[in-house]
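First comes the structure, then the notes that go with it.
Derivation of every value follows stated rules applied to the coordinates shown; laboratory data play no part. Since the model is a prediction, treat every value here as computed from it, not as a measurement. Don't worry about glycine lacking a Cβ; one is built from the backbone with ideal geometry, like all the others, and counts go over all protein chains shown.
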Amino acid sequence: MTAMDEHLLEVDDLRVEFGRGRGTASVLNGVSCHVDEGETLAVLGESGSGKSVTAQTIMGILDTPPGRITGGAVRFRGEELLGADEERRRLLRGESMAMIFQDALSALNPVYSVGFQIAEQFRFRRGMSRRDAMVRAAEMLDLVRIPNAKQRVKEYPHQFSGGMRQRAMIAMALALDPELLIADEPATALDVTVQAQIMELLDELRRERGTGLVLITHDLGVVAEVADRIAVMYAGRIVEHADAATLYARPGHPYTRGLMDSVPRVDDAGVGGAGAVLRPIPGLPPSLSAIPHGCPFHPRCAYAQDVCTDEVPPLREVGAPDHRAACHFAEQFVAEGPDRPATQDVVSG
Amino acid sequence: MREPVLSVRDLVKHFPVTRGVLFRRTIGHVRAVDGVSLDLAPGETLGVVGESGCGKSTLAQVLMRLIPPTSGTAQFEGEDLFAKRGAALKAWRRDMQIVLQDPYTSLNPRRTVGDIVGEPFDIHPEVAPKGDRRRRVQELLEVVGLNPEHIRRYPHQFSGGQRQRIGIARALALRPKVIVCDEPVSALDVSIQAQVLNLLSDLQREFGLAYLFIAHDLGVVRHLCDRVAVMYLGSIVETGTAEEIYARASHPYTQALLSSVPVPDPTVRRARIRLEGDVPSPADPPSGCRFRTRCPKAQEVCAEQPPALGLRPGTGHATDHPTACHFAEPPRLVRAE
């Protein structure tokens, strides 16, 4: 049944639209990616790039309407999910795939204790008694290193701090030992010291349990620390894909490079201390109901040529194995390395 | 250092915690700001960093005279800031302005950009005569990189980054000497954030502004600031030039904070100082050193004596900048590539 090349999760040419008629927003325009057991795929993008919709579509929790899946496939261990009935999807959620949300306070139910919410899964999926399920819930809280788990299990979400709520949500997601975990900005709302704790915890649990992790984030720093592979999204497309080392050393898409030049780094002295000057990407991301013709990035791109306004660049291999970029001039960028050339007309002719 | 434009000494702001509706009684205090001293020189950027709840936004509000301080003093160009009343207070407000964090809630949705940016001129008509206002507003829009033609548009017609530019234009209108920036870029995407940061440094050069730059993002603060003050639970635990703080942090909290920030480069692997637990409640801060409950170096003395912010000669690890730790020492590790 399992072919050798079968991935844990495979997304193939996924397309999602919101709304109808003239105002139709093309939110996903052919997203393809895959994740295997025990590895971390980071989906990197700014707001509106489609990363959260990708996650929701994979989990089968996209609101339809207003959303509409207009094409593509999502396969979990080879099984097609988009056509599957709700009964089957329900069974897979929690058991095989689970999700961690950004805002734990709104993801947890305020009127039930944290333990009760974790225990529900053991009661309904494993047929445990209330008491046994609560004991298991406490064990889960202990696993995510909540101090005093036995007492804490009876407390309500508002009695937990932000970091502990996020831990509780991780415990809930891992309760039934899923093979795939999707984390949508799991540490974004938290302070840096707590953020570091949460990312470390996720990484450790992934390694111990061999879980495949899809990490959705906008933070280039977090990605550099934990990702095996990275997919950069822009206007509903994956514009670049590579392993972490390759992506940071030799970005092949001008958008990826622009993002890296935009981040003020804690290890760089900056303008106050004669360090690097930020080179922001000019302009704004496009409206998803009016994505520019050709390459969606061309109005903001310093290297855009005529071909960029005419033809959509396909996501294709550029140099290193598994390094793909959707730019007509990707090979040149890869060859140049991370230092952006001083002049703007490098790719003329 | 040059004569500071703003000089704050032992500033304290406590919020009462009350219980009961009919018979309200005070059962405690949230010590949001608990003895903060700082100086801001003309034309410089002082960064105030800290995690949520450390009191940095309360500090901004007290200094803007939006809420009264509990105790402490502040001098603006040598004059007592908290003693100003009436006309003197109004005149001072021209010199110190604020840019707020959330560009979605800090602009009135029912007023046009022209109204919003021109409102300071309504309050201080002596700055721009009535006939001249439209031109002045358009100039301001151009200075912050917006299209002056868009003067009749409403905030919802702009993106987040553009709205933040509107907020900056409004703060610039009266040509202030000091602008307090309270998390001005934390709601923005990275590519837009970089645009706004560059704008802020251009404006500083052009108008000789001093910024009190409040942020939780250590990368942003390092990029923009000349000097940095690190806050924890209402007080400053370490202060110095950006170089001193980022390269030679000597307070264990600063060291932990810096080591927690992920660096966008997979080839850099830094040793991480892991802090356990969460920040204690400012309503019931720990005795002695406030950081001791999470501090890897904590000893008995830390629970008894609150360490003063100062140079620490005689500890064997004299630091070159003020720090509030009994066991301050320069970082041992730097990085392993």
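What list do you get for A:Tyr248, B:Tyr246, B:Tyr154 if you sort them by fewest beta carbons within 10 Å?
Exposure proxy ranking, most exposed first: B:Tyr154, A:Tyr248, B:Tyr246.
Name the residue, out of A:Ala320, A:Ala242, A:Ala175, whose mean-square fluctuation peaks in a Gaussian network model built on chain A with Cα pairs under 10 Å.
A:Ala320
Can you give the angle from 0 to 90° between the axis of helix B:133-143 and the longest principal axis of chain B, with both taken from C-alpha atoms, to the nearest 10?
Taking Cα atoms only, the helix is inclined about 40 degrees.
Could you check which residue among A:Ala290, A:Ala119, A:Ala137 shows the biggest mean-square fluctuation in a GNM of chain A with a 10 Å Cα cutoff?
A:Ala290
For chain B, with a Gaussian network of springs between Cα atoms less than 10 Å apart, report the residue from B:Pro120, B:Pro266, B:Pro252 with the top mean-square fluctuation.
B:Pro266
Output the 0 to 90 degree angle, nearest 10, between the alpha-carbon long axis of helix A:162-174 and the longest principal axis computed from the alpha carbons of chain A.
80 degrees
Assuming a ≥ b ≥ c are the square roots of the Cα gyration tensor eigenvalues, decide whether the stretch B:1-101 counts as rounded (a/c under 1.5), prolate (otherwise, with a/b larger than b/c) or oblate.
prolate
Could you tell me which of rounded, prolate or oblate describes the protein assembly as shown, using a ≥ b ≥ c as the square roots of the eigenvalues of the alpha-carbon gyration tensor, with rounded for a/c under 1.5 and, failing that, prolate when a/b is larger than b/c and oblate otherwise?
Note, shape of the protein assembly as shown comes out oblate.
Can you tell me the orientation of helix B:190-207 relative to chain B, as the angle in degrees between its alpha-carbon axis and the longest Cα principal axis, to the nearest 10?
It is inclined by approximately 70 degrees.
Take the alpha carbon atoms of the stretch A:191-211, find their center, do the same for the stretch A:1-69, and report the distance between the two centers in whole angstrom.
Centre-to-centre (Cα) distance: 24 Å.
Starting with the fewest neighbours, write out A:Ser49, B:Ser52 ranked by other beta-carbon atoms found within 10 Å of each beta-carbon.
In increasing order of surrounding Cβ atoms, one gets B:Ser52, A:Ser49.
Distance from the Cα centre of the stretch B:178-198 to that of the stretch B:98-154, in angstrom?
Spelled out, the Cα-based centre of one part sits 19 Å from the other.
Can you give me the C-alpha center-to-center distance between the stretch B:1-78 and the stretch A:118-183, rounded to a whole angstrom?
Comparing the Cα centres of the stretch B:1-78 and the stretch A:118-183, I get a distance of 40 Å.
Could you size up the charge dipole of the stretch B:6-232 around its Cα centre, putting +1 on the beta carbon of Lys and Arg and -1 on that of Asp and Glu, and report it in debye to the nearest 20?
Using Cβ point charges on Lys, Arg, Asp and Glu, the stretch B:6-232 gives about 880 debye.
For peptide A:231-239, compute the average count of partner chain beta-carbon atoms within 10 Å of each residue's beta-carbon.
Counting other chains' Cβ atoms within 10 Å and averaging over A:231-239 gives 0.
Let me know the mean shielding of B:244-255 by other chains, meaning the per-residue number of their Cβ atoms within 10 Å of its Cβ.
1
Mind checking the mean number of beta-carbon atoms from other chains within 10 Å of the Cβ atoms in B:167-175?
For peptide B:167-175, the averaged partner shielding equals 0.
Treat each spin label as a single point 7 Å out from the Cα along the C-beta direction, and report the B:Arg25 to B:Glu79 distance in nm.
4.4 nm
Would you order A:Asp228, A:Asp310, B:Asp226, A:Asp191 from fewest to most other beta-carbon atoms within 10 Å of each residue's own beta-carbon?
A:Asp310, A:Asp228, B:Asp226, A:Asp191
To check my understanding: the extent here is largest minus smallest coordinate of the Cα atoms along each principal axis. What are those three numbers for chain A, in Å, largest first?
Each principal axis gives a Cα extent; for chain A these are 73, 52, 42 Å.
Quick check on chain A: helices-only [θ] at 222 nm, where DSSP H runs of length 4 and up contribute -39,500 (n - 2.57) each and the sum goes over total residues. Nearest 500, please.
When only DSSP H runs of four or more count, the value is -9500 deg cm²/dmol.
Rounded if a/c is under 1.5, else prolate if a/b beats b/c, else oblate: with a ≥ b ≥ c from the C-alpha gyration tensor eigenvalues square-rooted, which is the stretch A:109-212?
oblate
Can you give me the long-range amide H partners of B:Val33? Hydrogens built in the peptide plane at 1.01 Å from N, cutoff under 5 Å, separation of 5 or more residues or another chain.
B:Lys13
If you plug each phi of the stretch B:278-283 into the Karplus form 6.51 cos²θ - 1.76 cosθ + 1.60 with θ = phi - 60°, what whole-Hz ³J(HN,Hα) values come out, in order, with x for Gly and Pro?
Whole-Hz 3J(HN,Hα) from phi for the stretch B:278-283: 10, 5, x, 6, x, 7.
At most 12 other Cβ atoms within 10 Å and a DSSP loop assignment: could you name the trypsin sites (Lys or Arg not before Pro) in the stretch B:34-90 that fit?
Filter output for the stretch B:34-90: B:Arg85.
Count the net charge of all other residues whose Cβ sits under 11 Å from the Cβ of A:Gly30, scoring Lys and Arg as +1 and Asp and Glu as -1.
0
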